[in-house]
1. Restricting the first residue to the stretch 136-150 and requiring it to be within 14 Å of Val87 (Cα to Cα), which pairs with a second residue that is more than 14 Å from the ligand (Cβ to nearest atom) and assigned to a strand (DSSP E or B) meet a Cβ separation below 9 Å and a spacing of at least six or different chains?
2. Being closer than 30 Å to Ser50 by Cα, in contact with a helix residue (DSSP H, G or I) (Cβ under 7 Å, 6 or more places away or on another chain) and at pLDDT 95 or above: is that true of Ala206 here?
3. Could you please find all residues in the stretch 70-96 being surrounded by fewer than 23 Cβ atoms within 10 Å (Cβ to Cβ) and among the charged types (D, E, K, R)?
4. I'd like to verify a number: residues in the stretch 23-53 that are assigned to a loop (DSSP other than H, G, I, E, B) and closer than 20 Å to Val99 by Cα, how many?
5. Given the options Asn137, Asn110, name the one that is within 15 Å of Gly95 (Cβ to Cβ) and in the same structural domain as Val220 (by TED's automatic domain parsing).
6. I'd like the residue in the stretch 22-69 that is small (Gly, Ala, Ser) and surrounded by fewer than 18 Cβ atoms within 10 Å (Cβ to Cβ) and, out of all such residues, is nearest to Trp256 (Cα to Cα).
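The values are calculated or read from the model by the stated rules, or taken from the named source; none is laboratory data. In this text, all values refer to a predicted model and were calculated from it rather than measured experimentally. Cβ coordinates were reconstructed from backbone atoms using ideal geometry, including for glycine residues, and neighbour counts include every protein chain displayed.
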Amino acid sequence: LKNHSPVCSKPRYVRVNTLKMDVETAVHGLESITKVAKDDMVPDLLKLPSGTDLHDHPLVTSGSVVVQGKASSMVAVALCPQPGWEVLDACAAPGNKTVHLAALMKGMGNIIACELHKERARLLEDTIRRTGAPNVNIFQGDFLDLDARDPKFSKIRAILLDPSCSGSGIARERLDYLLPSFKKGEDGDAANSQRVRNLAAFQTKALLHALSFPAVERVVYSTCSIHQAENEDVISSVLPFATSIGFELATPFPQWPHRGLPVFNGAEHLLRTDPTEETEGFFIALFARKSETNKSEE
Ligand code: SAM
């Protein structure tokens, strides 16, 4: 299957961890083993030929570059946190996006990285240690239990919410998606559909919670799912509440052609990446307080 799948021709992406190394040095280091191109949209992202094996390359083991897909690397960039901000990563392990946030913030400010599961919090710790992100504090516990009114969260300006999802945009599930009988948003399998419904209920709750932090100006919601139930439906169900407290949907990467499924007014702001586009199947939504929207679309 592996050799006949279009998935295999997907390029390999690595993100330069600018906390440890500049892009030119990383390009130089990788050019000794393979062909390297800079991504034209995501800063610090390098594109390598499909199948490039990097797992024990010194740049990877030292945390100077992070093997991370293009779609995954778009998420922290969409949040656009500034150096010095207080930021919350709500569902953080293994932490690839946490340390990307830290790099975008040039290591300045504070990131609270929340992770429910103890053993996954250890992975998060490893990622932070390896990449040298200096401004991350781990909170091991349930994001839904964080009290948004607690003074320690009163300065949180940006929240990244990348919750547990079906993962239907990646790996084996992607191949199902390419089958003609597959319909977006449906599995045809009762247990799987129930699982997606349960996940969507959690995702919706978590997104409403993220929006309720008093000083938050920007909230990014992302999944690696292709299901409408975990993506557009979650956004449309929280939109009335979000609008009522001054948020609107902003447009991450306006130049990206593939937007949300047109199932409600505003879905054109959402971003989808598709397994046919050299990426995994990802979904990104960006909520911005009205005064912040113009900045995000600049
Ligand atoms: N953002 C991560 C990254 O880029 O490396 C991937 C996050 S993964 C999709 C979702 C994570 O959320 C899992 O590690 C899961 O254990 C955690 N999680 C699930 N429910 C949670 C909750 N209620 N509070 C905090 N973390 C939770």
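1. Matching pairs, first to second residue: Val136/Asn110; Asn137/Asn110; Ala148/Ile156.
2. No.
3. Within the stretch 70-96, Lys70, Glu86 meet the criteria.
4. Of the residues in the stretch 23-53, 5 are assigned to a loop (DSSP other than H, G, I, E, B) and closer than 20 Å to Val99 by Cα.
5. After ruling out the rest, the residue left standing is Asn137.
6. Only one residue tops the list, namely Ala37.
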